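Colleague: Encoded as C-alpha cells, here's the structure I'll be asking about.
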Amino acid sequence: MKILFYGDSNTWGYDAKDASRQKNRFTQFIKQEFSQHEIIEEGLCGRTLCLDDPYDEDRNGTKMISMVLKTHAPIDVVFIMLGTNDAKRQFSTNSISLEKGIRTLLYKALNPEIYRDGSKVPQFFVVCPPKMNRDGFNNERTKENFGDAGFEILNNTKPYLEKGCRDFDVEVIDTHAIAGSIDGIHMDESGHKQVADVLISVIQEL
C-alpha cells in the first residue's frame, strides 16, 4: 500500500528543544513497522486546515491538498492530522472552525477532478491533533499564540472534526496524545510513539 500522512509540524517531526527534526517521529515508527508499504510524509510546519496565513500562503492545507494527492497518485490511504495551527489567536477561530475547516479540506480532497485520470480515490482518515499541554503556557510564545481559547479548542477536537467529516463517511481517530511540556504544542518522542501505536493498529485492519 501507499500511505500518505498530511499534516503540520507534528507530522514533520518538529522538536521543541532545538527546532530540529525528530528522528523518532510517528511516521518513522510506522515505516519501521510496515517496511512493505510506501510511507509518504507530507508535513509542513504551520499548515492549517483551510486558513490563509498572512506570513506564508503555502500553509493553507486546503489549497495544497489536490497538488499533493496528484503528486503521489495513486494513493491507497490518507491520514490527515491538522488543526493545531487553526487554534492560533491570530485567526480568531473557535471549535466550530475545525468542523468547517475539515469539511472544506475534504471537499477539495474528494473532488472527482483529482481522479479523472483513472486514479482511485484513497481511503481517508482524520486524526485529532495532539492535545495542548498546559505546561506550555510557561513558554511565552505559546501563551501569546494560543492562549486559553486555543487550549480549549485543542483539548476537545474530536466532536467538531466528526461533525465536519459526517457527510464524507470519514472516520476520526483520537489517539489521546498530549503535546510535550517544552512548548505545549509539539509532541515529544513518547507522544509520537503513542500516535504511531494507534495508527499502526488502524493500518493492520486495512
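Colleague: So which residues in segment 132-177 are assigned to a helix (DSSP H, G or I), among the charged types (D, E, K, R) and farther than 16 Å from L105 by Cβ?
Modeller: Restricting attention to segment 132-177, the residues satisfying the condition of being assigned to a helix (DSSP H, G or I) are 134-138, 140-154, 158-168.
Going one step further and asking which of them are among the charged types (D, E, K, R), we end up with 134-135, 140-141, 143-144, 148, 152, 158, 162-163, 166-167.
Scanning segment 132-177 gives R134, D135, E140, R141, K143, E144, D148, E152, K158.
Colleague: Among the numbered criteria (1) surrounded by 15 or more Cβ atoms within 10 Å (Cβ to Cβ); (2) free of Cβ contacts under 8 Å to residues at least 40 places away in the same chain; (3) touching a strand residue (DSSP E or B) at 6+ places or on another chain (Cβ under 7 Å), which single criterion is violated by M64?
Modeller: The single condition M64 does not satisfy is (3).
Colleague: Hey, another quick one. Considering only segment 8-15, I want to know if a residue exists there that is of a type in the set (V, I, T) and over 25 Å from K100 (Cβ atoms).
Modeller: Initially, segment 8-15 is screened for residues of a type in the set (V, I, T), giving 11.
Next cut, over 25 Å from K100 (Cβ atoms) only: none.
Checked segment 8-15: no residue is of a type in the set (V, I, T) and over 25 Å from K100 (Cβ atoms).
Colleague: Turning to a different aspect of this structure: Restricting attention to segment 104-124, report how many residues are in contact (Cβ under 8 Å) with a residue 60 or more places away in the chain and crowded, with 20+ Cβ neighbours inside 10 Å.
Modeller: So the answer is 2.
Colleague: From the list L69, L51, L98, exactly one residue is in contact (Cβ under 8 Å) with a residue 60 or more places away in the chain and in contact with a strand residue (DSSP E or B) (Cβ under 9 Å, 6 or more places away or on another chain). Which is it?
Modeller: Result of the check over L69, L51, L98: L69.
Colleague: Search segment 163-181 for residues being under 13 Å from the mean Cα position of the chain (by Cα) and more than 21 Å from D148 (Cα to Cα), and hand back the single one that is surrounded by the fewest Cβ atoms within 10 Å (Cβ to Cβ).
Modeller: D174
Colleague: Would you check which residues across segment 1-55 are of a type in the set (S, T, Y) and either crowded, with 18+ Cβ neighbours inside 10 Å or in contact with a His (Cβ under 7 Å, 6 or more places away or on another chain) (or both) and list them? It would help to see each step written out before you state the result.
Modeller: Let us first name the residues in segment 1-55 that are of a type in the set (S, T, Y), namely 6, 9, 11, 14, 20, 27, 35, 48, 55.
Result: Y6, S9, T11, Y14, T27, T48.
Colleague: While we're here: Across segment 130-144, what is the number of residues that are charged (D, E, K, R) and surrounded by 15 or more Cβ atoms within 10 Å (Cβ to Cβ)?
Modeller: 3
Colleague: Which condition breaks for G184 when tested against (1) surrounded by fewer than 15 Cβ atoms within 10 Å (Cβ to Cβ); (2) at pLDDT 95 or above?
Modeller: In the conditions (1) surrounded by fewer than 15 Cβ atoms within 10 Å (Cβ to Cβ); (2) at pLDDT 95 or above, G184 misses (1) alone.
Colleague: Within segment 75-96, can you find the residues that are crowded, with 17+ Cβ neighbours inside 10 Å, within 25 Å of L199 (Cβ to Cβ) and over 12 Å from the mean Cα position of the chain (by Cα)?
Modeller: Across segment 75-96, the qualifying residues are I75, V77, A87, S95.
Colleague: For segment 1-96, which helices (runs of 4 or more DSSP H) that fit wholly inside it have 1 or more residues that are among the aromatic types (F, W, Y)? Don't jump to the end; show me each part of the working.
Modeller: Working: elements: 9-12, 26-33, 61-72.
Of the helices (runs of 4 or more DSSP H) lying wholly inside segment 1-96, those with at least 1 residues that are among the aromatic types (F, W, Y) span 9-12, 26-33.
Colleague: Can you give me the number of residues within segment 178-194 that are in a loop (DSSP other than H, G, I, E, B) and either small (G, A, S) or over 14 Å from M81 (Cβ atoms) (or both)? Step through it out loud before you land on a result.
Modeller: First pass over segment 178-194, keeping only residues in a loop (DSSP other than H, G, I, E, B): 179-188.
So of that shortlist, the ones also either small (G, A, S) or over 14 Å from M81 (Cβ atoms) (or both) come out as 179-184, 188.
Residues meeting the conditions: 7.
The values are calculated or read from the model by the stated rules, or taken from the named source; none is laboratory data. From a predicted model like this one, the values you see are computed outputs, not experimental measurements. Positions of Cβ are generated from backbone atoms using ideal geometry, with glycine treated the same way; all protein chains shown enter the neighbour counts.
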